[in-house]
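A short write-up of the structure that comes next.
Derivation of every value follows stated rules applied to the coordinates shown; laboratory data play no part. Note that this is a predicted model, so its numbers are computed, not measured. Cβ coordinates were reconstructed from backbone atoms using ideal geometry, including for glycine residues, and neighbour counts include every protein chain displayed.
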Amino acid sequence: MLVNLIKKELLIELRSKQILVSMAAFGLSVVLIFAFSFSVSQSILETFAPGLFWVLILFTSVLGLHRLFDYEKEFDAFSLVIGAPVDRGTIYISKWISGWIYLVVAEIIIIPLFVLFLQLRWTQPILPGIGILFLGNSGIMAIGALISGLAMRARMSEVLLPVLLFPLVTPVLIAVTKATTAYLNAQPFILWQFWVLILASFTVIFGLLGYLLFDHVTEE
Amino acid sequence: MIELLNVTKSFYHKPLFRDLNVQFESGNMSAMLGKNGAGKSTLLRIMAGLTAFESGSINVCGTPLKSNNPLSRKAVLYLGHAPGLYPPLSAVENLRIAAMFYGENYSDSEILETLSQVGLDRQPNDSIRIYSQGMMQRLKLALAILIPWKVLLFDEPFTGLDEEGRILTESLLKSWQTEDKTIILVVHNHEWAMKHCDHLLVLHDKGVGYDGKSSDAKSENIAAMLQGIV
Amino acid sequence: MRFFDKPINNSLLSILISLFAINLHIIISHTPMIPQQHWAQKIFYLHVPVAWTAFLSYFFVMVFGIMYLVKKDYCWDRLGQSAAEIGTLFTALVLTTGPIWAKPIWGKPWIWEPRLTTTLILFLAYIGYFMLREFGGHPERVARYAAILGIIAFVDVPIIFLSVKFWTPEIQSHPQVEMAQQPGGILGPFFFSLALFTINWLMMLRFRSHTLNIKQKLLSDHV
């Protein structure tokens, strides 16, 4: 059922293209703003680049998270899936994974332009960077999917979502920024494995919480 | 069969209905009536497992309805006011996905045949965003044909339908009425309900105004309750 | 009956006020003056119990949230909301008293010390909690959502603290440890103050959940 639910999410996005287009366009706009706003030396920019990047990803993911449940509300499609004999925790997992996929696709577009427009140098092997990226995305989406479900039926949900999400996602932001900085500075893994552990723990804890609590989120 | 035991639901701390004890038998078509705001649609959504309630319990074909037990919802199909489908997808895609949620796998030809049965075979692959209200209603009928349900909860089945659609809906409901299924409709026309349904439930004054066979009900009493005279 | 019309509540309030007056007197007159910090250090007899009350409150928001989801009784939701309000009030007090101490001691009112930073993040999280209560819809749904958010927020606390602690490892401050190593006459008044604030918290919780109960009864009669 999980695979089918994810296929459904991806099919809807393939038809509507709302989430990916808005995430990518927004991400690119912010990169442009960063490029214009920071007239500092290249070395200072490279010091701040990991933090800037992850702030950008966080803001971009809020856009995606809001849309993740938006189309469920439009024709009350949510009542179809939650009224069906489908485990509601699995619905949460499908939202988490599909949100993660959208974020990765948006990053494939955003990252090269982020590096290009801010004229950054990237000499490190790519695999650890991809690992940090995937783990960071998992953490953001694990708690994001749950918070987005909470905010879905509220008034001012587009404002409520970031207000609820940002304080709670600070451990992810700190951990990914630290890990990314260490990775780009070619520090040995043993010096930044703690942050990877924080990310992994956060993802597991909130993934589990989301699975257990989503029943209560879905009911009106 | 679906059974409600002491079900209470409140909104803004004010009870919508209190200690509802009702049984909807298999093989019966029941009509739920009541004034606007009596809680008909809410009760339907509660029975579908979509809306939480404060106290009491609901049994569906002997299984307690619980949010953390998806199998307790297997026998129930809810068709609400809103389409309950995905706007970017086509009719074929929506029906395939809905059937998948209920563990069914249909080929495109089977789905197209069902769409033709309800008169929606002309634009099966277009996004349902372009559908009119009547077309959405017919799509819900297609859903009810495809999904293997034992309890059908249908909120205002005739909304937006033309004469052909009304006849189609009535004939489908009639065909399901002869099978060992439970049909619960929210309708506003009590005369239609008394003529076509086996069982009437009138929600009135936070409780039950009438719960019994439609043949035993007096039209003027039902009308008085619905007009708020009683 | 009004809360303070009941003799027991009235007596408890009077006793609490007296004990707070005694507490202040003890802090001002009967606690040693710490070298280098002088009068600024004395705020810790209040700052730490205030912080303790804030975190105790948020812990119970989580507990009451779990109880509400299990029992579905609104009394747990009222308790949860009361605890959240008290927690947020005391968090705001921590964020106020902290800088008051920090300015003369550290030379600037704010540094990213792990406990203060965690408190700030929690304060912001609970601003979101109240926004959810306000905009979440009808109270029956809001009760459930607030319970979930209370659970998520408190589960996040240790992870937030750990990540903030190692974010700037050069900033470490453990005033309690320093206090424990100081000459005698500090721990006694400190624990007295801590116990007093805990009893005060209980009193505030009972009072606030009582007023929420009355408000709910009024709403159910008049809406």
> Each residue of segment C:135-144 in turn: what ³J(HN,Hα) in whole Hz from Karplus with 6.51, -1.76, 1.60 and θ = phi - 60°, glycine and Pro shown as x?
Replying inline: 9, x, x, 6, x, 5, 6, 4, 4, 5
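Give the average over all directions of the projected area of the C-alpha convex hull of segment A:163-209, one decimal, in nm².
Answer in nm², one decimal: 3.4.
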> Remind me, what semi-axes does segment C:18-100 give for its equivalent ellipsoid, largest first in whole Å, using sqrt of 5 times each Cα gyration tensor eigenvalue?
Replying inline: 34, 13, 9
> Using a basic spin-label model with each label point 7 Å from the Cα along Cα→Cβ, how many nm lie between residue C:134 and residue A:25?
Replying inline: 3.1 nm
>> I need the P(r) histogram for the protein assembly as shown: all alpha carbon pairs, bin width 10 Å from 0 out to the longest distance, whole percents.
In response: 3, 13, 20, 21, 18, 13, 8, 4, 1, 0
>> Straight-line reach from residue B:174: which lysines fall under 18 Å, measuring Cα to Cα and dropping same-chain residues less than 8 apart?
In response: B:140, B:150, B:195, B:213
> Taking only C-alpha pairs under 8 Å that are 6+ residues apart, what is the relative contact order of chain A in percent?
Replying inline: 28 percent
> When the Cα centres of segment A:67-125 and segment B:116-161 are compared, how far apart do they sit, in Å?
Replying inline: 30 Å
> To the nearest 10 degrees, how steeply does helix A:170-184 sit against the main Cα axis of chain A, on a 0 to 90 scale?
Replying inline: 40 degrees
> In degrees between 0 and 90, to the nearest 10, how far off the longest principal axis of chain A does helix A:2-16 point, with axes built from Cα atoms?
Replying inline: 80 degrees
>> What whole-number volume per residue, in cubic angstrom, does the convex hull of the C-alpha atoms of segment C:116-171 give?
In response: 55 Å³
> Which values, in whole Å and largest first, are the semi-axes of the equivalent ellipsoid of chain B obtained as the square root of 5 times each eigenvalue of the Cα gyration tensor?
Replying inline: 30, 20, 16
> Could you list, bin by bin from short to long, the percent of Cα-Cα pairs of segment A:26-96 in 10 Å steps?
Replying inline: 16, 33, 19, 17, 11, 3
>> Please list, ordered by chain and number, the residues whose modelled amide H lies under 5 Å from the amide H of residue B:55; skip anything fewer than 5 residues away on the same chain.
In response: B:8
>> Distances longer than 29 Å among the Cα atoms of segment C:1-154: what percent of all pairs is that?
In response: 34 percent
>> Could you tell me what a quarter of the Cα convex hull surface of segment B:31-140 works out to, in nm² with one decimal place?
In response: 8.6 nm²
> Quick one: Karplus J couplings for segment C:88-99, per residue in order, coefficients 6.51, -1.76, 1.60, θ = phi - 60°, nearest Hz, x for Gly and Pro?
Replying inline: 5, 4, 6, 4, 4, 5, 4, 5, 8, 6, x, x
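Can you run the Rg to Rh ratio on chain A? Use alpha carbon positions and the Kirkwood inverse-distance Rh.
Using Cα coordinates only, the ratio equals 0.98.
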> Taking one equal scatterer on every alpha-carbon of segment B:128-230, how large is log10 of I(q)/I(0) by Debye at q = 0.24 1/Å?
Replying inline: -1.32
> For residue B:17, which sequence-distant residues (separation of 5 or more, or a different chain) have an amide H within less than 5 Å of its own amide H, given hydrogens modelled in the peptide plane?
Replying inline: B:9
> Of the residues A:198, A:93, A:44, which exhibits the maximal mean-square fluctuation in a Gaussian network model of chain A defined by a 10 Å Cα contact cut-off?
Replying inline: A:44
> Can you list the HN-Hα couplings for segment B:204-218, worked out from phi with the Karplus curve (6.51, -1.76, 1.60; θ = phi - 60°), rounded to whole Hz and with x for Gly and Pro?
Replying inline: 8, 6, 6, x, 9, x, 8, 9, x, 5, 5, 5, 8, 7, 9
> At what distance in angstrom do the alpha carbon centres of segment C:53-126 and segment B:87-110 lie from each other?
Replying inline: 49 Å
> So who's got an amide H within less than 5 Å of the one on residue B:210, skipping anything under 5 residues away but keeping other chains? H placed 1.01 Å off N, in plane.
Replying inline: B:202
> Angle, helix B:91-101 long axis vs. longest principal axis of chain B, Cα atoms, 0 to 90°, nearest 10?
Replying inline: 60 degrees
>> Quick check: Cα centre of segment B:165-230 to Cα centre of segment B:10-61, how many Å?
In response: 15 Å
